[in-house]
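The values are calculated or read from the model by the stated rules, or taken from the named source; none is laboratory data. Being a predicted model, the structure only gives us computed values, none of them experimental. FYI the Cβ positions are ideal-geometry reconstructions off the backbone, even for glycines, and counts take in every protein chain you see. Accessible surface areas use protein heavy atoms only, side chains included; no ligands, DNA or RNA. Shrake-Rupley method; radii C 1.70, N 1.55, O 1.52, S 1.80 Å.
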Amino acid sequence: MKAEKKTKENLINEITELRKRISELEEDDREKFRQLRMFAAHLQSVQEEERTRIAREIHDELSQTLTMLQIDLADFVSELNKKDPKTHAPFIGKVAAISKAIGDIIEVGHRIAREMRPSILDDLGFMAAAEWQINEFRKKTGMKCEFNKGHIIAFNKEFTTALFRILQEALSNVARHAGATEVIVDIYMKDGSVILKVEDNGKGIEERKISDGHSLGLLGMRERVTLLSGELSIYSKPGEGTAVIAYIPVGRHAL
Amino acid sequence: MIRIIIADDHPLVRFGMTKIVSKDPDIVVVGEAQNSHEVMELVRTRRVDVVVLDISMPGKNGLEILEQLKHEYPKIPVLILSTHSEEQYAVMAFKTGAAGYLTKRSALDELIKAIRKVASGGRYASSAFDEYLLFGLEKGMDKPPHETLTNREFQIMHLIASGKKPKAIAEELCLSVKTINTYRGRLLQKIQVKSNAELTRYALENKLLE
């Protein structure tokens with residue numbers, strides 16, 4: 001009898017010990033998860049900074065220098081013309097071709113810079129950048145895209161970037177997967193939060209794909225929204241289009 | 001004779017632009033500037049008919065310099081020179097009071113034309129832009145008044161309407177109280193209200209405070 005009681009006590013002790021251990025491990029896990037999330041956020045911001053720097057370098061230095069080179073060439077041509085246009089005619093044609101090639105390089109540079117981080121986001125703010133992005137989307141995909149913009153306040157860079165990248169990701173999902181012909185984008189503020197809605201009339205997403213981790217695009221959007229204490233909802237049924245709605249409190253990010 | 005100043009932080013660009021305008025005997029470059037301070041100094045000390053201004057200068061950017069210029073010397077036309085070919089930049093430049101917007105890439109063919117046009121009181125936009133850009137702005141008269149505000153004015157309207165005092169706003173935006181009051185005067189005029197209370201009511205009615 002005594003021995004039995006002892007065993008029971010032991011067992012209870014052991015269980016308590018195990019429970020404690022489990023909760024410690026869980027705590028550990030949460031801490032690791034928190035760290036991982038912070039690290040992801042850090043990587044994101046470092047990446048943005050890097051992109052900003054490279055884009056600006058291409059835009060301000062490279063393309064300006066090339067533009068001035070074109071002006072030099074034009075000057076050179078007019079010198080040649082002044083002296084002896086007849087003998088110089090073949091050179092003039094050659095120089096014009098070189099100048100045109102320089103123009104193409106400038107165009108490529110601008111494209112690369114814009115794809116890295118559109119300067120419009122830093123210079124003119126989120127709404128102007130959104131408008132530009134939606135125009136690009138229309139041009140690239142040929143889809144009809146309605147843009148309803150409400151009034152928003154000015155936010156800091158972190159918030160502006162996240163919001164813009166979410167919009168880009170949502171639009172690129174539509175372009176790549178939705179098979180849609182029409183898109184409606186709504187951006188407005190309500191009760192101190194920004195609401196960003198991208199709806200399409202495409203083929204929709206299956207429910208399991210919405211929540212599984214394989215869709216990195218969705219995961220990335222969710223991550224950005226979560227980092228800003230917001231919520232991301234996706235409504236979709238096969239054949240009935242998709243609506244992605246981000247709901248993000250502005251809070252301390254207001255300027 | 002059209003007397004211009006060229007403001008760009010890039011010496012190569014100033015050199016290039018000077019070279020382009022030298023083809024026109026009527027246009028004289030009376031000064032070059034590489035920051036906002038030099039621009040204001042030149043405008044103050046010389047007779048200037050047109051300011052050719054880079055949109056992205058270090059420190060105070062081109063649009064801010066434009067705002068200051070239009071505030072202190074509203075009569076001198078400013079031609080914005082820019083590497084950006086996105087129309088949103090042009091729209092913002094015109095909204096802020098520019099007389100012209102030219103991309104640096106089109107400067108070679110259009111700079112002289114643009115300077116002549118703005119010097120005679122006209123408006124000029126790079127031929128790369130659609131005409132509707134300008135027409136859209138002209139048509140903008142039927143827009144609600146707050147849409148004609150610049151970003152900064154909108155921001156300050158928002159802060160005033162949420163009950164902040166000029167001193168607090170000045171501290172928040174790192175500007176002087178005097179500047180805030182200048183902005184306030186201008187935005188009251190644009191929205192056509194007379195007091196902060198009326199401004200707040202306007203903002204509430206148009207759901208600008210949400």
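Below is a table of values for the structure above.
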| quantity | calculated |
| --- | --- |
| Kirkwood Rh in Å, taken over all unlike Cα pairs in the protein assembly as shown | 25.8 Å |
| For B:I80, distant residues with modelled amide H under 5 Å away | B:L53, B:A99, B:G100, B:Y101, B:L102 |
| Computed magnitude of the charge dipole of the protein assembly as shown (debye, nearest 20; Cβ of K, R +1, Cβ of D, E -1) | 660 debye |
| Local electrostatic count, A:R53, Cβ distance below 13 Å [Lys/Arg +1, Asp/Glu -1] | -4 |
| Globularity index of chain A, i.e. its alpha-carbon radius of gyration over 2.2 N^0.38 Å | 1.56 |
| Estimated vicinal HN-Hα couplings, Hz - region A:116-131 in sequence order (Karplus 6.51, -1.76, 1.60; Gly, Pro = x) | 5, 6, x, 4, 4, 5, 7, 7, 10, x, 4, 5, 5, 5, 5, 4 |
| Occluded residues from region A:120-144, i.e. those whose accessible area drops by 30 Å² or more once the chain is not alone (1.4 Å probe) | A:I120, A:D123, A:L124, A:W132 |
| 1.4 Å probe accessible area per residue over the protein assembly as shown, in Å² | 55 Å² |
| Neighbouring partner chain Cβ atoms per residue of A:57-68, average, 10 Å criterion | 4 |
| Distant-in-sequence amide H partners of B:Y73 (H built 1.01 Å from N, under 5 Å) | none |
| Candidate aspartates and glutamates for bridging to B:K207, where Cα separation is under 15 Å - those fewer than 8 sequence places away on the same chain excluded | A:D191, B:E147, B:E198 |
| Candidate aspartates and glutamates - alpha carbon under 19 Å from B:K117, same-chain residues fewer than 8 apart omitted | B:D24, B:D26, B:D49, B:D54, B:D109, B:D130, B:E131, B:E138 |
| Solvent-accessible area buried by A and B, counting both chains, probe 1.4 angstrom, square angstrom | 2700 Å² |
| Whole-Å semi-axes of region A:205-255's equivalent ellipsoid (Cα gyration tensor) | 24, 13, 7 |
| Rounded tilt (10° steps) of A:216-227 against the dominant C-alpha axis of chain A | 70 degrees |
| Under 22 Å from the Cα of A:K209 - lysines, other chains or at least 8 residues apart | A:K197, A:K237 |
| Residue-level accessible surface for B:D9, protein heavy atoms, 1.4 Å, Å² | 50 Å² |
